[in-house]
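The values are calculated or read from the model by the stated rules, or taken from the named source; none is laboratory data. The structure presented is a predicted model; accordingly, all values stated were derived computationally and were not measured. Glycine gets a Cβ as well: all are built from the backbone with ideal geometry, and neighbour counts include every protein chain shown. We work out accessible area using only protein heavy atoms, side chains counted, and drop any ligands, DNA or RNA first. Shrake-Rupley method; radii C 1.70, N 1.55, O 1.52, S 1.80 Å.
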Amino acid sequence: MKILVTGGAGYIGSHTCVELLNAGYDIVVLDNLYNSSEKCLDAVKELTGRDFPFYKVDMLDKDAMEQVFKENEIDSVIHFAGLKAVGESTKIPITYYHNNITGTLHLLQLMEKYGVNNIVFSSSATVYGMPKTVPITEDFPLSTTNPYGSTKLFIEQILKDAQAANNKLSVTLLRYFNPIGANKSGKMGEDPKGIPNNLLPYVAQVAVGKLEKVHVFGSDYPTPDGTGVRDYIHVVDLALGHLKALEKKSNVPGVHIYNLGTGNGYSVLQIIAAFSKACGKEIPYQIDGRRPGDIAECYADPTKARDELGWTAERDIDEMCEDSWRWQSTHPNGFEG
Ligand code: NAD
Ligand code: UFG
């Protein structure tokens, strides 16, 4: 079975490529390397001992993307490619809508033309907006609080409409919670450009001495220690969720929606403590005001994925931090360092 992985050079995409190759799938990777490095794909090849075609293609260039479909017999697509920075999306919303939505429309047009009827899409817990309660189940009301989140919600709707019009199409929407961690080898991991927006890479860069201290955004939330609570999930568990989705839902027409989270919430201070344990150093931090748009608590009810896909996240918070630290400490400047 040949899988087209869009955004396969990125953080989650590359970890999924490793698991796909190890499980015996053939892959084709498409990425414009806007937010990633080709060296990450070298690591994927080294770790798996397998080769695969890579197309440095922008999804906005439909003709270039068509070459990928012409030259490869694709059975399924896992669609990771997209811009993902929440704050940036409020500043350049048109770019976000154009990149994420137009890119997806091109992909769907080509899938239709070449008779590819399986797609797994990287959605996000962001589509639950400001959930009234936790844990979150897949049937919670959907809304968004920023343009990035809107691209996810709109693409979900586009995929639902495409499926309604093509009864052979299998659409799986995977709503990720907060992916962290790295491949055990320490040879690949998250490599954000510039100052990280997300908590874990920020903490990791403080630990390695690149940043001075963590800024904790708010300590007055209605949570046990006042700091924000999230459902952190190991990126390898997340990657394996994609394999389960392919195994169970490919060629099963319909729209299949799953939360990929652990079901456990950890606060910012708990994450700092867990990372400190993993790296054996104190992590300096200071309490700042709340970050606009943040919610107090967000964690999944992952029961549906367990029952229907046979998937459960297995790696705990200590393992997530240890694996992140192995990558960060050996690659303080990421792939290009
Ligand atoms: P990432 O930025 O590391 O990977 C995305 C990849 O897509 C990058 O390699 C980038 O170069 C590529 N890309 C972007 N626009 C492209 C285009 N027009 N054409 C070709 N390639 C393009 O991000 P990630 O963390 O691996 O996220 C993967 C997916 O999961 C994204 O869709 C993201 O929105 C979604 N997601 C991520 C998180 C998270 O916290 N990391 C949470 C929920 C959902
Ligand atoms: N936080 C800090 N300091 C930082 C960064 C974050 O205190 O420097 C706090 C936030 O306030 C929040 C928690 O750490 O309480 C997690 O923040 P992240 O930015 O790491 O993650 P978010 O939950 O805000 O958002 C992430 C992705 C979104 C995605 C969402 C749900 O960035 O794209 O998870 O999957 F939609």
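The figures follow:
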read-out: All positions within segment 132-165 that are within 11 Å of ligand 2 (Cβ to nearest atom) and either acidic (Asp, Glu) or in a loop (DSSP other than H, G, I, E, B) (or both); value: THR144, THR145, ASN146
read-out: Single condition LEU174 does not satisfy, out of (1) within 16 Å of ligand 2 (Cβ to nearest atom); (2) more than 20 Å from LEU243 (Cα to Cα); (3) hydrophobic (A, V, I, L, M, F, W, C); value: (2)
read-out: Selection from segment 250-260 of residues that are more than 15 Å from ASN167 (Cβ to Cβ), open to solvent by 10 Å² or more (accessible area, probe 1.4 Å) and of a type outside the set (S, T, N, Q); value: ILE257
read-out: Within segment 206-234, tally of residues that are outside any loop (DSSP other than H, G, I, E, B) and near ligand 2 (Cβ under 10 Å from one of its atoms); value: 9
read-out: Output for segment 98-116, where each listed residue is among the small types (Gly, Ala, Ser) and either open to solvent by less than 30 Å² (accessible area, probe 1.4 Å) or outside any loop (DSSP other than H, G, I, E, B) (or both); value: GLY103
read-out: Check on ILE119, among the β-branched types (Val, Ile, Thr), closer than 21 Å to GLY254 by Cβ and either part of a helix (DSSP H, G or I) or in contact (Cβ under 8 Å) with a residue 60 or more places away in the chain (or both); value: no
read-out: Residues within segment 17-51 that are of a type in the set (S, T, N, Q), closer than 18 Å to LEU83 by Cβ and either open to solvent by 30 Å² or more (accessible area, probe 1.4 Å) or touching a strand residue (DSSP E or B) at 6+ places or on another chain (Cβ under 9 Å) (or both), tallied; value: 2
read-out: Some residue of segment 172-179 being of a type in the set (A, V, I, L, M, F, W, C), assigned to a loop (DSSP other than H, G, I, E, B) and either more than 13 Å from ligand 1 (Cβ to nearest atom) or surrounded by fewer than 22 Cβ atoms within 10 Å (Cβ to Cβ) (or both); value: no
read-out: Residues that are open to solvent by 10 Å² or more (accessible area, probe 1.4 Å) and either touching a Phe, Trp or Tyr at 6+ places or on another chain (Cβ under 9 Å) or in contact (Cβ under 8 Å) with a residue 40 or more places away in the chain (or both), drawn from segment 181-195; value: ASN183, LYS184, SER185, LYS187, GLU190, ASP191, PRO192, LYS193, ILE195
read-out: Criterion: closer than 16 Å to ASN264 by Cα and surrounded by fewer than 17 Cβ atoms within 10 Å (Cβ to Cβ) - qualifying residue of ASP225, ASP237, ASP231; value: ASP225
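Conditions (1) more than 27 Å from ASN251 (Cα to Cα); (2) at pLDDT below 95; (3) within 16 Å of ligand 2 (Cβ to nearest atom), marked per residue:
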{"site": "PHE52", "(1), (2), (3)": "no, no, no"}
{"site": "ASP58", "(1), (2), (3)": "yes, no, no"}
{"site": "LYS62", "(1), (2), (3)": "no, no, no"}
{"site": "ASP75", "(1), (2), (3)": "no, no, no"}
{"site": "PHE80", "(1), (2), (3)": "no, no, yes"}
{"site": "ILE94", "(1), (2), (3)": "yes, no, no"}
{"site": "ASN100", "(1), (2), (3)": "no, no, yes"}
{"site": "LEU108", "(1), (2), (3)": "no, no, no"}
